[in-house]
Amino acid sequence: MSNFKSTFNFFHFDKIDSTNKYAIQNINSFESKTIISADKQTNGKGRNNRNWVSSEPNNLYFTIILKSSNDNFINILPNISQLMAILLCRVFENYEVKAEIKWPNDILVGGKKIAGILCETSIKNNEIQGLALGVGVNLNLSENFLNKIDQPATSLNMLIKNSVDKKNFLEQLLNEFSFSYSGFSQSGFHLIRDEYKEKSCFLDKKIKVVIFDEIYEGLAKDVDENGQLLLMLDNGMQKNINLGDIFL
Ligand code: BTN
């Protein structure tokens, strides 16, 4: 078993537009398992072209570059962000905070967002060059700042009533990653499916799924062996969902 120091290479910026953008633009210059982190991002990206507010240096903004290590890489690609969602929840547990996953990879505490994951792929000549797995975690935000975010949000310092050491949080997360990634990259989602379901907050609930301009409503029945959401539509038909946003 290796710990995070021997697993990763590190590049840190005081300020950058987006660690994900930088990772994708320079993917060929970096080895797999390189961490690009920043104290601030001037154009932090969220899922679905949203903005990720990244002006507070005591929060965590980083991207892991991952490249193919075996023939199974293409199969596990869609689920890497779901693995990261589980690992984030595990680290929050170390602070005695119960975080939950909203499919596919939003991290919430008490229904409020505390962390987000943006996974982007770089493809050239039909070949996958690598993956940018971007993670933003609200570690130290004021009540005032949280109120300005355009969705219900919380921050770890608010929950534990103490400031959080971001280096320490990152180390715990990267340790979890280095222990789990190799097994996951060989076996895929089914290895983590039970834990993913256990940590999820949407199963057996009536939800709304928005996929571009389509909206589906129904019961979130299950998450299958591939990490897809199985939605029982109000008309009794089942729909397998592999992209989109869900609303509880
Ligand atoms: C989400 O919308 O939930 C995903 C947010 C992802 C934010 C992180 S911060 C580090 C990395 N760089 C970016 O520009 N975005 C991701």
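Rounded, prolate or oblate: which fits the stretch 98-248 when a ≥ b ≥ c are the square roots of the eigenvalues of the alpha-carbon gyration tensor, with rounded for a/c under 1.5 and prolate only if a/b beats b/c?
oblate
Within 10 Å of each candidate Cβ there may be at most 12 other Cβ atoms; applying that plus a DSSP loop requirement, which trypsin sites (Lys or Arg not before Pro) in the stretch 133-182 survive?
K161
To the nearest Å, what is the center-to-center distance of the stretch 122-176 and the stretch 32-73, using C-alpha atoms only?
Taking the Cα centre of each part, the stretch 122-176 and the stretch 32-73 sit 9 Å apart.
In terms of the Cα gyration tensor, with a ≥ b ≥ c the square roots of its eigenvalues, is the stretch 41-100 rounded because a/c is under 1.5, prolate because a/b exceeds b/c, or oblate?
oblate
As an exercise, identify the trypsin sites (Lys or Arg not before Pro) in the stretch 175-217 lying in DSSP coil whose Cβ has no more than 13 other Cβ atoms within 10 Å.
Passing sites in the stretch 175-217 are K205.
Calculated FRET efficiency, K5 and E217, Cβ-Cβ r, R0 51 Å, to nearest 0.05?
0.60
Among the GluC sites (Glu not before Pro) within the stretch 75-104, which fall in a DSSP loop and have no more than 12 other Cβ atoms within 10 Å of their own Cβ? The partial results should precede the final answer.
On the way: sites: E93, E96, E100; in loops: E96.
Listed in order of number, the matching sites are E96.
What is the stretch 1-101 by shape, rounded, prolate or oblate, if you read a ≥ b ≥ c off the alpha carbon gyration tensor as root eigenvalues and call it rounded for a/c under 1.5, prolate for a/b larger than b/c, and oblate otherwise?
Taking the square roots of the gyration eigenvalues as a ≥ b ≥ c, the stretch 1-101 is rounded.
Taken together, the values in this text are just the output of simple stated rules run on the coordinates, not laboratory data. Predicted model, so just to flag it, every value in this text is computed and none were measured. Every residue, glycine as well, gets a Cβ built from its backbone with ideal geometry; the counts of neighbours run over all protein chains shown.
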